[in-house]
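Read through the structure below, which is laid out as structure tokens, and then see the notes.
What follows is calculated from the coordinates using simple rules that are stated; it is not laboratory data. These numbers come from a predicted model, not from an experiment. Note: ideal-geometry Cβ built from the backbone for every residue, glycine included; neighbour counts use all protein chains shown.
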Amino acid sequence: MPQTIGFIGLGIMGQPMALNLMQAGYALQVFNRTASKAETLQQAGAKVCTTPAEAASDADFVISIVSDTAAMEAVTLGPQGLMETLGKGSLFIDSSTISPVASRRFACHAAGRGAQMLDAPVTGSKHGAERGELTFMIGGERAAMDRAMSVLRVLGKKHIYCGANGAGLSAKLAQNAIQATMVEVFCEGFVLAAKAGVAPAVMMEIIQSSMARAALTDFKAPFIFKGDFTPYFPLKLMHKDLELAMEAAYAQSVVMPAAAAVKEVYGAAKAKGQGDRDYAAVITFLEEVAGIEVRSNSKA
Ligand code: NAP
């Protein structure tokens, strides 16, 4: 008998993760708020459920990956949420990027039902999810992580234990604050150079010949230069992660002045209608203010 996984959230990340688990031989019972997004999984043989509670029912593992803390609240503790059926002895793995404080509360609810919970946020974006090459940052009991590894190995190439419940999320928020800041400041530099008449291709050659070169901006640059902002990671979710990082910083008396400023730039781009595009679309706000388009000057 294959082990059963209740899988909740079939967005950019969840859909390919769920497909990889099916291909690895697990029996999946899936839930997505917008039912049409479950069609591919249904065709692949998954049982489609109409509530998170149904997806979690009799499952050995429950995996969730939804947008934000409010979405997790809804699928976990809302009406017909997964906590209504989460089984004794089961393991609940949440890969959403949400508030560490809220995640610890969900872990307490899981423990109250005799189940274990891990916060296991990811990095690696859509490609990493499709290829089963995500990196997981894991919080919770070490023994629970050991138990989860058979499933997590299907989804990722690296699994890093961070500490108690919430620690995986704390690490993820720090990582995304760094990533958001890198992309935004890369865009600032390219707007400055373009306005001064330095072509993006010339600027890129300079960056790639300098210590400022980074895998992240090497990956994002061709999309930025083409003006292709098909979402790998939606800008509104990056803004959400910066907001969560600010909350975490406040709670721990940490200051993050650069990330705080960058959060406002992502917020401005979101307010200008860029929220559903990739977070690299942050450049469009900087371009609008400067009155120049980097991509119009690009041959990439
Ligand atoms: P996405 O494509 O926008 O998918 C979001 C998912 O959450 C969808 O299944 C959506 O359902 C569900 N959802 C939203 N609000 C809900 C609610 N109130 N109740 C129930 N379900 C709700 O986002 P994603 O890119 O897959 O990201 C998912 C999570 O992974 C986020 O926390 C994100 O920060 C994190 N993450 C993303 C990436 C990336 O590169 N994309 C990388 C690392 C981490 P509907 O289909 O009904 O809207």
**Item:** Among the candidates GLY267, GLY275, residue that is under 21 Å from THR69 (Cβ atoms), among the small types (Gly, Ala, Ser) and free of Cβ contacts under 8 Å to residues at least 40 places away in the same chain
**Value:** GLY267
**Asked** Pick from GLY197, GLY189: which is farther than 17 Å from THR123 by Cα and assigned to a helix (DSSP H, G or I)?
**Response** GLY189
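Conditions (1) in contact with a Phe, Trp or Tyr (Cβ under 8 Å, 6 or more places away or on another chain); (2) of a type in the set (Gly, Ala, Ser); (3) without any contact (Cβ under 8 Å) to a residue 40 or more places away in the chain, marked per residue:
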position: PHE7; (1), (2), (3): yes, no, no
position: MET17; (1), (2), (3): yes, no, no
position: GLN29; (1), (2), (3): yes, no, yes
position: ASN32; (1), (2), (3): no, no, yes
position: ALA44; (1), (2), (3): no, yes, yes
position: ALA53; (1), (2), (3): no, yes, yes
position: ASP58; (1), (2), (3): no, no, no
**Only one of ALA248, ALA269, ALA261 that is within 16 Å of the ligand (Cβ to nearest atom) and not in a loop (DSSP other than H, G, I, E, B)** = ALA248
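Residues are listed down the side, and each one gets a yes or a no for (1) farther than 16 Å from VAL282 by Cα; (2) surrounded by 18 or more Cβ atoms within 10 Å (Cβ to Cβ); (3) under 21 Å from the mean Cα position of the chain (by Cα):
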| position | (1), (2), (3) |
| --- | --- |
| ALA171 | yes, yes, yes |
| ILE178 | no, no, yes |
| THR181 | no, yes, yes |
| GLU188 | no, no, no |
| ALA196 | yes, no, no |
| ALA199 | yes, no, no |
| VAL202 | yes, no, no |
| ARG213 | yes, no, no |
| THR217 | no, yes, yes |
**Prompt:** Looking only at residues in the range 22-45 that are aliphatic (A, V, I, L, M) and touching a helix residue (DSSP H, G or I) at 6+ places or on another chain (Cβ under 6 Å), which one is surrounded by the fewest Cβ atoms within 10 Å (Cβ to Cβ)?
**Reply:** ALA44
